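To start, the structure under review is shown below, and the notes come after it.
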Amino acid sequence: MSQEQRLALSARIVDVVHDAIGSARAHINVAIRELEPGALVEAGEPVLVRDEVG
């Protein structure tokens with residue numbers, strides 16, 4: 001995800017949260033964590049594999 005995409009996604013998330021709960025935009029924080037393939041495992045199985053990234 002490019003920096004431009006991260007900023008656009010973050011801005012949209014802030015708007016949605018603000019509209020949903022009325023919190024001031026300045027009080028809403030967004031953290032985007034990008035994981036490498038295989039870094040997330042559920043029930044012993046990788047959730048994200050290289051072939052699915054794209």
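Read-outs: derived from the displayed coordinates by stated rules, not from any lab. Small disclaimer: the values here were computed from a predicted structure and weren't measured. Cβ atoms come from the backbone with ideal geometry, glycine included; neighbour counts cover every protein chain shown.
Descriptive notes on the structure:
- Cβ-Cβ distances below 9 Å connect no pair with a first residue in the range 17-29 that is closer than 15 Å to Leu7 by Cα, a second residue that is of a type in the set (Gly, Ala, Ser), and a separation of six or more residues or different chains.
- Members of the range 1-46 that are surrounded by 11 or more Cβ atoms within 10 Å (Cβ to Cβ), assigned to a loop (DSSP other than H, G, I, E, B) and among the small types (Gly, Ala, Ser): Ser23, Gly38, Ala39
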